[in-house]
């Protein structure tokens, strides 16, 4: 995970002397691959850089290892490079010279997911660095979020960004705005199941963090009704998937990590041991409790497979899978992060002081 992310890290000099980004995909020999799902999009993106910032700064908080903070700083420089003055972010660079893809379907300015993830990453960075550049960019990003509609699966990310800041007494948005966002999430459901957007009937799991987000928000907002909505959806949607070891034909680490997060936050909020048990069962997917009966996380080589397709491991190992895998197994990664960083010290020289 951490080792694979280091292998995927490359400099982007046009974004700053220490700026780095992550190769989007890598094949079974760890050669970087460009994103081509909707035609050529680029070699690295804000989506992955932002998620990596959140991961690295959470690990930095838990361990104090300065190398994590330095690595995250390089990624922050890249994210700042991708923002326009009106607060919107582009997503992809076309090449390692930093040529921004300005019009791709997953890179246009202000697109939903990368916009929200960038703001969340900058919220984390603001708490750690108190860099004026970050503060200005963060304010612009939140202004865009409050002025534009978003589906629930995007609102969840925006809520997480706001919660990170509000816990330490900062007010990136009005409490009323945060409650409105949470209500939007809670009200978009089919029966007891929270939906990613109003156009679907059965939500996919990747990026589905609604239950965990509402569980986090409920105590801060003094809204027990939000917690009840989260519990009902978790039992209706997530528990059957976890107990069946995620049996779908295609299962991505992002979906499993989302279930881990939801169960962990429900456990932290309620103290009920059943949620801890379901969290641990979901985590076990990475170590072989899955349709392939093989570890998705190769602990020897430090890489997470891009998922399981028809009972077989996907041999590729890209940025997203390794980021969310590390987040799902955060306590384990934090306990070993010093050793993991030592193993890839040469790869991280590009972000050293």
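Any read-out appearing in this document is the output of simple, stated calculations on the displayed coordinates, not a laboratory observation. Bear in mind that the values here come from a model prediction, so they are computed numbers and not experimental data. So basically every Cβ, Gly included, is an ideal-geometry build from the backbone, and we count neighbours across all protein chains shown.
Data for the structure
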read-out	value
Per-residue Cβ neighbour rank within 10 angstrom, fewest leading, 82, 166	166, 82
Euclidean distance of C-alpha centroids, segment 108-186 and segment 239-284, integer Å	25 Å
Cα→Cβ-extended label distance, 7 Å offset, between residue 220 and residue 192, nm	2.7 nm
Label-point separation, residue 171 to residue 236 (7 Å along Cα→Cβ), nm	3.5 nm
Gain on full stretching of the segment that runs from residue 343 to residue 228 - 0.36 nm per residue minus C-alpha separation	37.0 nm
Helix-derived mean residue ellipticity, 222 nm - over the chain, DSSP H n ≥ 4, -39500 (n - 2.57), to 500	-16500 deg cm²/dmol
Rel. contact order, % - alpha carbon contacts under 8 angstrom, at least six apart, segment 243-353	26 percent
GNM flexibility winner over the chain from 192, 243, 294 (Cα, springs under 10 Å)	243
Relative compactness, the chain, computed as alpha-carbon Rg over 2.2 N^0.38 Å	0.93
Relative contact order (percent, whole number), segment 1-145, Cα cutoff 8 Å, 6+ residue spacing	23 percent
Estimated FRET transfer efficiency when R0 is 41 angstrom, pair residue 135-residue 204 (beta carbons, to 0.05)	0.70
Gaussian network model of the chain, springs between alpha carbon atoms under 10 Å - residue of 317, 23, 293 with greatest fluctuation	293
Estimated distance in nm for a label pair at residue 300 and residue 84, the labels positioned 7 Å out from Cα along Cα-to-Cβ	4.9 nm
The chain: relative contact order as a whole-number percent, Cα under 8 Å and 6+ apart	20 percent
Pairwise FRET efficiency - residue 66 versus residue 272, Cβ, R0 = 45 Å, nearest 0.05	0.75
Fewest-first sequence of 167, 67 by Cβ atoms within 10 Å of each Cβ	167, 67
